[in-house]
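Here, each number is a calculation from the coordinates, and none is a lab measurement. Note that the coordinates shown come from a computational prediction; the quantities given were computed from them, not determined experimentally. Positions of Cβ are backbone-derived with ideal geometry, glycine not excepted, and every protein chain shown enters the neighbour counts.
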């Protein structure tokens, strides 16, 4: 769904909930859910590209690492007992529960060593774009 009006998030949340309720009322649709929640915080960060270059890492490396820490990242597959299992990585919830955890992110540089400081800075809460 997309809010092209740039309106209030809570009003948009009501529209999304009404829409999913209408979908679930239809007999041909078994289940309709959304993970959208306007109460879930969104933050804006700044990655210092010059500091990245000095540390031997790229902004892409930082974003991939953050995805693994905070969101989850596909790592591999393995077979056991004739069944294939997917391996996902994600940081422990206690290690990512607040903004201070950004200071603990470790990123491997091009030499295979951990970069001394991750050049990521918290800029504040982001403005929601209206897309979901």
Working note, the stretch 26-93: Cα radius of gyration (Å, one decimal) and Dmax (Å, whole number) are 18.5, 59
If the chain between residue 79 and residue 29 were fully extended at 0.36 nm per residue, the gain over the current Cα-Cα distance would be 14.6 nm
By the Cα gyration tensor axes a ≥ b ≥ c (a/c under 1.5 gives rounded; else a/b larger than b/c gives prolate, otherwise oblate), the shape of the stretch 77-116 is oblate
Where a ≥ b ≥ c are root eigenvalues of the Cα gyration tensor, a/c under 1.5 meaning rounded, otherwise prolate if a/b exceeds b/c and oblate otherwise, the chain counts as oblate
In whole angstrom, the spacing between the Cα centers of the stretch 18-35 and the stretch 72-94 equals 31
For the residue 10, residue 60 Cβ pair and Förster radius 35 Å, calculated FRET efficiency rounded to 0.05 is 0.50
Taking a ≥ b ≥ c as the square roots of the eigenvalues of the Cα gyration tensor, with a/c under 1.5 meaning rounded and otherwise prolate when a/b exceeds b/c and oblate if not, the stretch 1-49 is prolate
